[in-house]
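Asks: Quick one: the structure is below, questions incoming.
The values are calculated or read from the model by the stated rules, or taken from the named source; none is laboratory data. Note that this is a predicted model, so its numbers are computed, not measured. Heads up: the accessible areas ignore ligands, DNA and RNA and are worked out on the full protein's heavy atoms, side chains in. Shrake-Rupley method; radii C 1.70, N 1.55, O 1.52, S 1.80 Å.
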Amino acid sequence: MSLSAVPLAAGSSPSPTPSESPTALVPSLQDAQESATNAASWVEQNWSTWLSIGLRVLLIVVIAAVLRMTLRRAITKLIDRMNRTAQAVDGTALGGLLVNVERRRQRSQAIGSVLKSVASFLIMGTAALMILGTFEINLAPLLASAGVAGVAIGFGARNLVTDFLSGVFMILEDQYGVGDTIDAGVASGEVIEVGLRVTKLRGDQGEIWYVRNGEVKRIGNLSQGWATAGVDVTVRADEDLNRLKATLAEVGEQMSKEEPWNEMLWGPIEILGLDSVLLDSMVIHLSAKTMPGKSLTVERELRWRVKRALDAAGIRIVGGAEAVPEDEAADPTAAVAAPSVYSNTASPQAEAASPIGSARPVR
């Protein structure tokens, strides 16, 4: 027997190849049953946690939705109450001192929209953070990143934030509205649109000004409350004051009784007295409270009536250059000199008046 036959005689056989044992990679039924048992046990151990998390999330969502709906309804009722109050005072004496119904409606809608947006953002944002906390997610990095991003946005868009906040406070404080005539410092005119960032004004020449709310440092509203109409009457210093006062008082009383001036005038036309007295003239000041925005109209009409009344009473208004009466007009030929014999150099008078050196030689 040779040595090479010894391993074979010992009964050893070569290891089987993968193709010879296909069942080695396929799990057996016992392994599958064990895996299913482990999965069922894991689900049994964690289902209560999942149910608790799901109920928390559902409860947070329901509470947020109910709270959001309640706040929105409360804001809507508040806006409706503001509109009803505006409609109740419209057309009365008190309503004239307040803004009109349309402006109050626009203002209330703008306030309601801002309040609803803020309420929704706060409620839904808080609910989202609570849901993330329910899943045991660490919110510290998220909040830190949001804080850094907010600071960066605040520095980069500080003008935008300033304009927005200024617009919100302008609307809440009712500083002006559509239809008002305002002086914003950088521009003046009639307000045609009020936004949270920009206010549009219509100027006196028809131009449109876009004024950023953050750039407005002061606002003069010429359309709220009441306005004052003032007229100065300049007459000669030798006029009778009692007669002049009676004439002006009659003009004011008559104008206060006629339409539509009786609606524009919110008080009697007062004669405040002498503003100045000079050697050749004196100034009487008239004043009256008017509807907002109607002072210029009342002043023009009052000047018209005062001029006619003074002309009828024979009282002259002075000031500026005095007009020359027609019967005393100057003769246009008065300034023309009479013809002179000296204009003709060949006349004997001109030759006699000539210098000696320039005399003609004797022939």
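Asks: Would you mind calculating the relative contact order of region 169-274 from Cα pairs under 8 angstrom and at least 6 residues apart, reporting the percent as a whole number?
Replies: It comes to 18 percent, rounded to a whole number.
Asks: Related question: Could you name the lysines whose alpha carbon sits less than 28 Å from that of LYS257, not counting residues in the same chain fewer than 8 places away?
Replies: Partners within reach: LYS245, LYS289, LYS294, LYS307.
Asks: Whenever you get a sec, line up GLU259, GLU301, GLU250 from highest to lowest accessible area (probe 1.4 Å, protein heavy atoms).
Replies: GLU259, GLU250, GLU301
Asks: Given bins 10 angstrom wide, list per bin the percent of all Cα-Cα distances in region 97-200, short to long.
Replies: Result, from short to long distances: 12, 32, 27, 18, 10, 2 percent.
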